[in-house]
């Protein structure tokens, strides 16, 4: 995942500190698990900053098929497409667990980044997000479902997981249905691949039902089947 580089992580930390200062006198909003922050078509010119929790961004095809674009966690922003001037939200944002968010009007958001000399960093940050999305699109066209799932698990682990010497633990509950909407396949195929990964020792489930990703083993396996 391109997003996980030192420059991007440093900028995210700087942006988080800046937005904490910007919103310290603002009222937080609480979004319950599975509730929408906004839906397609909503005309809310607001960038959202996640204080705690995880939010997924989803689009629906004309046939009603769900595609998960991204999962964002504490310290991330989302909804920044409102800065483009497009009318209405292009995606639906849904809480994956109870969330605490801060709302920042588009004008205030740009003013704050400018005041803290973060605008150039923000442009680079958005460019990295675009590169990530291009990689996802390329994988959908050129990589089979099993490899896409493996790459998706690695991306999620590196973004959301907690690392120990031999593995990465994802505490967020992500259903097979949600994985299917990220990978672009069916839930039964996701279940089949996940079982195969378990049998090969590439992933495990902890006693607390947290998903354990064996990063090195899974990376080597994906390279061997490429």
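The values are calculated or read from the model by the stated rules, or taken from the named source; none is laboratory data. Worth saying up front: this structure is predicted, and the values here are computed from it rather than measured. In this analysis, Cβ positions are derived from the backbone assuming ideal geometry, glycine residues included, and neighbour counts consider all displayed protein chains.
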Per the filter on the stretch 141-156, residues surrounded by 11 or more Cβ atoms within 10 Å (Cβ to Cβ) and not in a loop (DSSP other than H, G, I, E, B) are 145, 146, 147, 148, 149, 150, 151, 152, 153, 154, 155, 156
Whether any residue in the stretch 45-59 is over 16 Å from residue 108 (Cα atoms) and over 18 Å from the mean Cα position of the chain (by Cα) is what I want to check. no
Filter result for residue 87 (assigned by TED's automatic domain parsing to the domain that holds residue 26, at pLDDT below 90 and not in a helix (DSSP H, G or I)): yes
Which one of these is assigned by TED's automatic domain parsing to the domain that holds residue 80 and touching a strand residue (DSSP E or B) at 6+ places or on another chain (Cβ under 7 Å): 54, 63? 54
Testing residue 203 on (1) crowded, with 20+ Cβ neighbours inside 10 Å; (2) modelled with pLDDT of 95 or more; (3) closer than 21 Å to residue 80 by Cα, one condition comes back false. Which one is that? (3)
Tell me, which strands (runs of 3 or more DSSP E) lie completely within the stretch 157-226 with 1 or more residues that are in contact (Cβ under 8 Å) with a residue 60 or more places away in the chain and not assigned by TED's automatic domain parsing to the domain that holds residue 50? 211-213
